[in-house]
Amino acid sequence: MDFATTPPAPEVRYNFRKVDWTALRDDLAERLLDIEPPQALRDIDHMTSKLQAITDLITSLVEKHVPKVRPSPHARRWWTDDLANKRKEVNR
């Protein structure tokens, strides 16, 4: 019997620490103008379609503006670029 397993593919995550929030906000404001203004919801299907439009908008903005990271199993999640810079200052 062969019990060899293949390791799972590394999970790709979004790195929200490195987002250019100004660019994302500007893009969001611009793209919200393309969605028709709020109005009373007529029925469940109307609500569902509006919800889907907003969800698609947010998803596309995240894909465009938020960098992806493939975390190492040895990575320290609490370590930030600011800590790395402070460490360099201390070691000088």
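Quick note: the coordinates plus some simple rules give every number you see, no bench work behind them. Remember, it's a predicted structure, so these values are computed and weren't measured experimentally. Note: ideal-geometry Cβ built from the backbone for every residue, glycine included; neighbour counts use all protein chains shown.
Remarks
- In degrees, nearest ten, helix 21-32 long axis to first principal axis of the chain (Cα): 20 degrees
- Distance in nm between pseudo-label sites at LEU57 and LEU24 (7 Å out along the Cβ direction from Cα): 1.6 nm
- In this simple spin-label model, placing a label point 7 Å from the Cα along the Cα-to-Cβ direction at both ASP82 and LYS50 gives a separation of 3.8 nm.
- Note on ASP34 and LYS68: the extension gain reaches 9.6 nm, defined as 0.36 nm multiplied by sequence separation minus the Cα-Cα distance.
- With 24 Å as the limit on Cα-Cα distance, the pairs of LYS18/LYS64; LYS64/LYS86; LYS18/LYS50 that go past it are LYS64/LYS86; LYS18/LYS50.
- Read-out Rg/Rh (Cα atoms, Kirkwood Rh), derived from the coordinates shown; its label in [x] 1.19; [y] 0.93; [z] 1.23: [x]
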